[in-house]
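I have placed the structure first, in the form of structure tokens, so that the comments after it can refer back to it.
The values are calculated or read from the model by the stated rules, or taken from the named source; none is laboratory data. If you're wondering where the values come from, they're calculated on a predicted model, not measured in any experiment. Note that each Cβ is placed from the backbone with ideal geometry, even for glycine, and that neighbours are counted across all protein chains shown. Quick note on the areas: whole protein, heavy atoms, side chains included, nothing else; ligands and nucleic acids left out. Shrake-Rupley method; radii C 1.70, N 1.55, O 1.52, S 1.80 Å.
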Amino acid sequence: MVIRKAEERDMEALFSIYNYEVEHGVATFDLNPKSMEERMEWFYAHNVDNHPLLTAELDGRAVGYASLSPYRDKEAYRETVELSVYVDPEFRRRGVARELMAAIIKEARERQDIHTVISVITGGNEASIRLHQAFGFVHCGTMREVGSKFGRLLDIDNFQLMV
């Protein structure tokens with residue numbers, strides 16, 4: 001597996017990975033699939049400033065990605081970023097998320113413009129919670145029933161890593 005900076009050529013795969021989760025999962029609270037135009041906007045907002053976007057490649061195919069995005073719009077939050085990790089369903093439970101997490105956290109620690117990494121995990125996602133805890137993330141609180149998807153009210157668990 002190769003972990004590298006995401007490139008435009010990866011976008012078809014990253015687009016599919018994200019929209020699969022929109023339509024079938026609860027890792028994102030988006031309810032409607034994104035257009036390629038919307039995802040390209042997202043792509044171009046990364047790998048600039050302190051917002052890296054990495055992809056995991058296996059046999060020439062992008063099978064997952066990790067990104068650090070703005071946590072909030074207000075300027076005082078500029079050194080705080082929000083982590084996202086998504087893996088193609090065919091490649092889950094093969095260490096892809098762990099490799100992506102290791103690489104993106106290493107990058108965050110090497111930068112002077114990132115102080116805090118936040119991760120918002122949908123309640124009940126024990127695999128993601130264990131993964132974050134393995135990398136030193138600390139649980140900072142649960143917000144109850146803040147999202148509604150697939151007819152269910154969903155909690156979010158907030159995790160933080162000081163880098």
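Taking K5 as the anchor, which lysines have their alpha carbon closer than 27 Å to its alpha carbon, excluding any fewer than eight residues away along the same chain? Partners within reach: K34, K74, K106. Between M36 and R9, the distance separating the two model label sites (each 7 Å from Cα on the Cα→Cβ line) works out to 1.7 nm.
Paramagnetic label reach from F150 (point 7 Å along Cα→Cβ; backbone nitrogen cut-off under 18 Å): within the range 27-50, residues 27-34. Rg/Rh for the range 71-110 stands at 1.11; both radii use Cα atoms, and Rh follows the Kirkwood definition. Note that the range 25-163, at 37 °C in a medium of 0.692 mPa s, gets a Stokes-Einstein diffusion coefficient of 207 µm²/s from its Kirkwood radius over C-alpha pairs. The trypsin sites (Lys or Arg not before Pro) found in the range 51-103 that occupy coil by DSSP, while having at most 12 further C-beta atoms within 10 Å, are R72, K74, R93. F43 contributes about 20 Å² of solvent-accessible surface, heavy atoms of the protein only, 1.4 Å probe. With the gyration tensor restricted to C-alpha atoms of the range 115-158, the semi-axes of the equivalent ellipsoid amount to 21, 11, 7 Å, longest first.
Of the accessible area of the chain, computed with a 1.4 Å probe over protein heavy atoms only, carbon and sulfur atoms account for 47 percent. Between G64 and A56, D88, the built amide H atoms are under 5 Å apart, and every one of these is 5 or more places off in sequence or on another chain. Just checking the listed ones, A103, A27, A134: in the Gaussian network model of the chain with Cα springs under 10 Å, the one fluctuating most is A134. Here the peptides 104-115, 9-20 are ranked by packing, the mean other Cβ count within 10 Å, and the order with the highest first is 9-20, 104-115.
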